[in-house]
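For reference, the structure discussed in these notes is given below.
The values are calculated or read from the model by the stated rules, or taken from the named source; none is laboratory data. Given the structure is predicted, the values throughout are model-derived calculations rather than measurements. Please note: Cβ atoms are built from the backbone with ideal geometry, for glycine as well, and neighbour counts cover all protein chains shown. Only protein heavy atoms, including side chains, enter the accessible area calculation; ligands, DNA and RNA are left aside. Shrake-Rupley method; radii C 1.70, N 1.55, O 1.52, S 1.80 Å.
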Amino acid sequence: MTKVMNVAMIGGGFMGKAHAMAYASMPMFFWPAPAIPHRKVVVDVTDGMAEEARRRYGFEEASSDWRAVVNRPDIDVVDICTPNNVHAEIAIEAAKAGKHIICEKPLARTVEEARAMLDAVKAAGVIHMVAFNYRRTPAVALARKYIEEGRIGRILNFRGTYLQDWSADPDSPLSWRFQKKIAGSGSVGDIATHVVDLAHYLVGPIAEVNALTTTYNKTRPLQQGGVDKLGAAEKAKDAERGEVDVDDEVVSMLKFEGGAIGSLEATRNAYGRNNFITLEIHGTKGSIHFNYERRDELQVMFADDPADARGFRTVYTGPAHPYGDGLWPIPGLGIGYSETKIVECYDFFSAIAKNRQPSPNFEDGFLTELVADALIRSGETGQWEKVG
Ligand code: SOE
């Protein structure tokens with residue numbers, strides 16, 4: 001009999017929606033499921049918000065007291081979907097209570113917080129995961145398979161971008177993502193860390209960075225209401241403005257421990273770009289190109305193809321590819337953001353069932369935090385900065 005596991009989800013916003021949907025759908029895709037996640041309790045800032053999240057996301061109970069909830073004996077899994085400023089506090093308490101933990105990215109605001117979280121889960125011996133979901137795109141997992149099989153040879157160069165435009169308008173609201181005390185950093189923590197995670201997954205550890213960071217909009221209108229509004233959904237030109245004290249954009253050169261070189265760019269000010277995560281990897285025997293805005297496809301070039309057929313070919317991911325057994329039966333039906341979260345949920349509960357740490361876990365999240373810290377430092381010093 002597949003085990004039912006009780007989930008306490010802390011945070012009922014955008015990420016709460018994505019995770020709740022994955023809990024409901026995971027066993028529908030991956031059957032037999034490693035466990036049936038039961039949506040037991042959802043926690044939000046006020047009782048009213050928690051009750052609304054309960055009804056919307058199909059949880060049994062609602063609460064505004066996360067500390068009481070994570071200490072309940074009937075909770076198996078704590079899922080942290082809050083802004084970054086409370087990740088550490090909740091994760092450490094949940095680890096002490098012996099709960100398995102999945103935490104939204106970035107793991108923490110600072111290296112110190114990430115280290116404390118890692119120490120806590122190690123001491124508790126629980127399963128832990130940080131939700132860098134884009135690794136779970138089948139085309140990205142396929143890229144990793146090709147690399148592991150040596151099909152593009154030794155990696156020479158990695159180029160990664162994450163470009164969005166939801167904050168390009170200077171009158172879009174002052175989300176918590178622009179406030180250092182809540183977010184830790186700006187484009188670095190919010191989206192460059194996704195690229196760092198993908199670089200670590202596909203190429204290996206980043207050793208040194210040389211970055212430029214900049215803040216284009218030093219103030220933004222204060223947000224109306226408690227719910228975080230990404231982007232220009234709510235423009236409030238005349239509203240009182242608050243200070244932006246984080247980076248809007250980062251551009252960096254990279255040196256990898258294994259000898260590859262590369263670059264990374266991340267911004268939420270790139271008009272016309274939506275969720276433009278691109279990866280291009282050149283090896284001694286071929287190349288790989290991926291663009292999340294065309295996420296069913298992996299572009300691959302193998303140098304030993306016949307001379308008259310050389311060039312990038314498009315592989316549409318489907319049943320023959322990673323996670324193909326559980327996802328859709330025909331290539332091209334469409335992989336979306338939801339599927340990446342469903343696969344993430346599957347990998348997390350599989351790790352619990354096998355009592356083996358998944359990846360990326362808090363150790364990986366900590367290493368990513370070290371790179372984020374090096375990017376910020378390098379942005380300030382204008383020098384190459386070592387990671388760690
Ligand atoms: C905003 O930039 C955001 O919601 C990020 O926080 C997520 O990690 C990313 O996946 C989508 O965009």
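Can you pull the percent of the chain's accessible area that's carbon plus sulfur, 1.4 Å probe, other chains left in place? Carbon with sulfur: 51 percent of the solvent-accessible area. Stretching the chain fully between residue 61 and residue 320 yields a gain of 89.2 nm (0.36 nm per residue, less the alpha carbon separation). One decimal place: the segment residue 96-residue 312 gains 72.7 nm when fully extended, by the rule 0.36 nm per residue minus the C-alpha distance. Compute the Cα gyration tensor for region 100-152, then decide on rounded, prolate or oblate, letting a ≥ b ≥ c be the square roots of its eigenvalues: rounded whenever a/c is under 1.5, prolate when a/b is larger than b/c in the other cases, and oblate in all that remain. Taking the square roots of the gyration eigenvalues as a ≥ b ≥ c, region 100-152 is prolate. The eigenvalues of the Cα gyration tensor, multiplied by 5 and square-rooted, give the chain an equivalent ellipsoid with semi-axes of 31, 27, 20 Å from largest to smallest. In a DSSP loop and with at most 15 other Cβ atoms within 10 Å, the GluC sites (Glu not before Pro) in region 94-151 are 149. Checking every one of the chymotrypsin sites (Phe, Trp or Tyr not before Pro) in region 271-328 against DSSP loop status and a limit of 16 other Cβ atoms within 10 Å picks out 271, 312. The separation of region 164-202 from region 50-114, counted between C-alpha centres, amounts to 21 Å. The antiparallel fraction among DSSP beta bridges confined to the chain stands at about 60%.
Relative contact order, percent, of the chain when contacts are C-alpha pairs under 8 Å separated by at least 6 residues?
Numbers: 912 pairs, mean separation 78.5, N = 388.
The value is 20 percent.
For the chain, the solvent-accessible area with a 1.4 angstrom probe is 42 square angstrom per residue. Using C-alpha pairs below 8 Å separated by at least 6 residues, the relative contact order for region 231-388 is 10 percent.
Entry note, region 1-101: relative contact order of 32 percent, from Cα contacts under 8 Å with a spacing of 6+ residues.
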